[in-house]
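For reference, the structure is listed below as structure tokens.
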Amino acid sequence: MIQLKNLNVKLPGFSLQQINISIEQGEFFTLLGPTGAGKSVVLESAIGIIPITNGRVIINNKDVTNLPSEKRGMGIVYQDFALFPHLTVYENITYGLRYHRINGKEPGKNLTFIIKRLSLEHLLKRSIANLSGGEKQRVALARALAVDPSVLLLDEPLSALDPNFREEIREIIKNLHIETGITVLMVTHDFTEAHFLANNTAVINNGKIEQTGSISEVFHHPTTPFVAEFVGMKNIFPATFNKNTAQINNLVIHTNTNSNGSNKHIAIRPENIHISKTKESANKPNLFEGTVSRILNQGFYCDVAIKTKGIKFASIVPTNVIMNLKLTPNQKINMWFDPDNVHAF
Amino acid sequence: MITKKHTDPFIWLAISCSIIIIAFILFPLLEMVVQPSFADLKEAITDKDVFNAIKLSLYTSLMAALISFIFGTPLAYLLARKDFIGKKLVESIIDLPIMIPHPVVGIAILSIAGKNHWLGQIMSSIGIRLMGSVTGIIVVLTFVGIPFYINSAKAGFEAVPARLEHVSRSLGASVTSSFFRVTFPLAWRSMVVGIIMCTARAVSEFGAVVIVAYHPMIAPVMIYERFTAYGLKYSQPVAVWLIVVCLFLFLLLRVFSIKKKNLI
């Protein structure tokens, strides 16, 4: 397991503040955040590349804070692969073995498995320069896994890949994690990747952790406006709560949350806002009449902006529904959403 | 219909300036090379004094390059990898020998090597003499040549992503091991270029050497002496041989500076 306890890092123009992350043995954990949030700084300070101002890094109950990178037992894979360009594929993969000798012998038992599992047999003699992005990332993964690290750190390993390679590598990472049982800490800005690969996640913004929890919990119950927006909740408003209603200006919205006084915002996913031209669903609790202010065609779906009582809602509607409704800007429309889908925080 | 290709006047201006500059460099050198007869050249190179002067020039210059390599490499690496307070100052200090007039370099070195200076006294007590010695020439040439080595090696280290060293260390390699297995193999070309630049600079040094060690005579000092004592005709053959040596060094420089594509 790996624990980052109260990690603080000060860099010119940026700082990490009180980073607390605890990852169980064999767990796949993602650190989510936008560009510049400090994700990679967390990884590089955990591995000892960036010095920390205070805090502790603990791996398998051993405090490694003061150990150099090479003694921490962590492997790292970068989005730009960071392969050694003067070495062949095989030389890259076996680079670290000489430092992990047991009784004078290099630990090669996993090597064959890793090379086979990552389908690298036919590439071993090749130069790095002639490999595709997907192949390079497979070599980088093999190189990190060959030395059998306690923790594997992945720094946006899919970001630099073409979409077809991205899916392939994502699948490989997931399967390798299942087969090897290795503890993984991956940073990414893509919630879909996190959703596919990890069990638990932390969301970081401006060098601070905003929320930690299971992927499902963070996705469905964000606790800050930033996390809500990051997981795709576009309709985020400050609100005044009264029992199970939330008031935004003159608009009263029914929620199924009984506010205990700590809630200050509501958020609704755009896909949970439905539209209709008829009044047939008049008995719905959150039914409002509004005006379509903008329709943006995105191919299979459209982003529709609806204005009601001075408040702008964003909705995602399938393009065929828009066509059937013959919806155009400035038309009057009914919009509604289920109180269950109104998230209060 | 054939249309006439229009060339921008700026391109013509650039081409004209280029021709003028190349002619400016080549014309006097070519004139000097073609003026001595083959017999003059043969006589010059068979003259033991001339041969020894060129040999000493090469020896002292290569020694200066070797010293620059040994002591300059760690400094170049530090400058390429670390940010610290006063880094700009250190970089400026390294470039100082390029800017200082050469006789001043000679006088500065002599001022610490004399018997009135504590360093001169220490050197004297352990048998090191700079004035009029090969050691003195090597010290002067190292002084003027080392900035060229450090700047070239530094550029080479900077071109190797620090991330490669980080990965190397995560795989178990120490800082030293990472340097020799990753950084050095990727930066050696720039280091070789630096060694050649340093050697070439040292071979051409005259002003500082003539202050510290008129004798034993290196090639530039001999050319100067022959020019002042016997005139142009006697200095030219030695100069031609020195140009041949310099040309060879710069050809080497060009060969080594051709980078392998997609190396990093």
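Please compute, for the alpha-carbon atoms of the stretch A:171-298, the extent along each of the three principal axes and give them in descending order in Å.
Principal extents (largest minus smallest coordinate, Cα): 56, 38, 26 Å.
To the nearest 20 debye, what charge dipole does the protein assembly as shown have about its Cα centre, counting +1 at the Cβ of each Lys and Arg and -1 at the Cβ of each Asp and Glu?
180 debye
With a 1.4 Å probe, how much accessible area is buried between chains B and A, both sides summed, in Å² to the nearest hundred?
Adding both sides of the contact gives about 2000 Å².
Just round it to a whole percent: the fraction of Cα-Cα distances in the stretch A:54-148 exceeding 18 Å.
That fraction is 50 percent.
Accessible area, 1.4 Å probe, largest first: how do B:Cys17, A:Cys302 sort?
Ranked from most to least accessible, the order is B:Cys17, A:Cys302.
Would you report the distance distribution of C-alpha pairs in the stretch A:168-209 as whole percents per 10 angstrom bin, up to the bin with the largest distance?
24, 55, 18, 3
When you have a sec, figure out the Kirkwood radius of the stretch B:26-85 from all distinct Cα pair distances and drop it here in Å to one decimal?
This gives a value of 15.2 Å.
Starting from the Cα of B:Lys233, draw a straight line to each of the lysines and keep only those under 28 Å, dropping any in the same chain fewer than 8 residues away.
Output for B:Lys233: B:Lys42, B:Lys48, B:Lys55.
In the structure shown, do any of A:Lys309/A:Lys332; A:Lys71/A:Lys174; A:Lys234/A:Lys307; A:Lys71/B:Lys88; A:Lys136/B:Lys82; A:Lys284/A:Lys312 have a Cα-Cα gap over 24 Å, and if so which?
Violating the 24 Å limit, Cα to Cα: A:Lys71/A:Lys174; A:Lys71/B:Lys88; A:Lys136/B:Lys82.
At most 14 other Cβ atoms within 10 Å plus a DSSP loop assignment makes a site exposed; report the longest stretch of chain A without any exposed GluC sites (Glu not before Pro).
A:25-279
Report, as a whole number in µm² per second, the diffusion coefficient that Stokes-Einstein gives for the protein assembly as shown at 37 °C and 0.692 mPa s using the Kirkwood radius over alpha carbon pairs.
Using the Kirkwood radius from Cα pairs, D works out to 107 µm²/s.
With both partners inside chain A, how many of the DSSP beta bridges are antiparallel, as a percent to the nearest 5?
Numbers: 57 of 76 bridges.
Antiparallel: roughly 75 percent of the beta bridges in chain A.
Among DSSP beta bridges whose residues both lie in the protein assembly as shown, state the antiparallel percentage, nearest 5.
Bridges in the protein assembly as shown that DSSP calls antiparallel: roughly 75 percent.
If every alpha-carbon in chain B counts as one equal scatterer, what log10 I(q)/I(0) does Debye give at q = 0.10 1/Å?
So the normalised log intensities are -0.67.
Any idea what diffusion coefficient chain A gets from Stokes-Einstein, in µm²/s, Kirkwood Rh on alpha carbon pairs, 20 °C, 1.002 mPa s? Numbers along the way, then the final one.
Details: Rh = 22.8 Å.
Here the translational diffusion coefficient equals 94 µm²/s.
Restricting the calculation to Cα positions, tell me the Rg (one decimal) and the Dmax (whole number) of the stretch A:173-241 in Å.
13.9, 50
Within the stretch A:173-263, report the trypsin sites (Lys or Arg not before Pro) that DSSP leaves as loop and that have at most 15 other Cβ atoms within 10 Å. Mind dumping the intermediate values first?
Details: sites: A:Lys174, A:Lys208, A:Lys234, A:Lys243; in loops: A:Lys234, A:Lys243.
The qualifying sites are A:Lys243.
Compute for the stretch A:1-67: radius of gyration divided by Kirkwood radius, i.e. Rg/Rh, restricted to C-alpha atoms, rounded to two decimals.
That ratio is 0.95, to two decimals.
Cut-off 10 angstrom, C-alpha nodes, Gaussian network model of chain B. Which of B:Arg163, B:Arg254, B:Arg129 fluctuates the most?
Taking springs between Cα atoms under 10 Å, the residue moving most is B:Arg163.
Compute the Rg to Rh ratio over the stretch B:139-264 from the alpha carbon atoms, using the Kirkwood formula for Rh, and round to two decimal places.
1.17
For the stretch A:118-165, which trypsin sites (Lys or Arg not before Pro) are in a loop by DSSP, counting at most 13 other Cβ atoms within 10 Å? Display every interim value, and only then the final one.
Numbers: sites: A:Lys125, A:Arg126, A:Lys136, A:Arg138, A:Arg143; in loops: A:Lys125, A:Arg126.
The qualifying sites are A:Lys125.
Under DSSP H, which helices of chain B have Cα atoms covering 30 Å or more of the helix axis and a Kyte-Doolittle average no less than 1.6?
Helix filter hits for chain B: B:9-34, B:232-257.
May I ask you to give the solvent-accessible area per residue for the stretch B:153-237, in square angstrom, as obtained with a 1.4 angstrom probe?
Accessible area per residue: 37 Å².
Carbon and sulfur together cover what percent of the accessible area of the stretch B:184-225 at a 1.4 Å probe radius?
Numbers: 890 of 1250 Å².
Of the solvent-accessible surface of the stretch B:184-225, carbon and sulfur hold 71 percent.
Find the Rg to Rh ratio for the stretch B:57-104, where Rh is the Kirkwood radius over alpha-carbon pairs and Rg uses the same atoms.
Rounded to two decimals, Rg/Rh equals 1.06.
The values are calculated or read from the model by the stated rules, or taken from the named source; none is laboratory data. All values derive from a computational prediction rather than experimental measurement. All Cβ positions, even for glycine, are placed from backbone atoms using ideal geometry, and neighbour counts span all protein chains on display. For the accessible areas, the whole protein counts, side chains as well, though only heavy atoms, and no ligand, DNA or RNA atoms are used. Shrake-Rupley method; radii C 1.70, N 1.55, O 1.52, S 1.80 Å.
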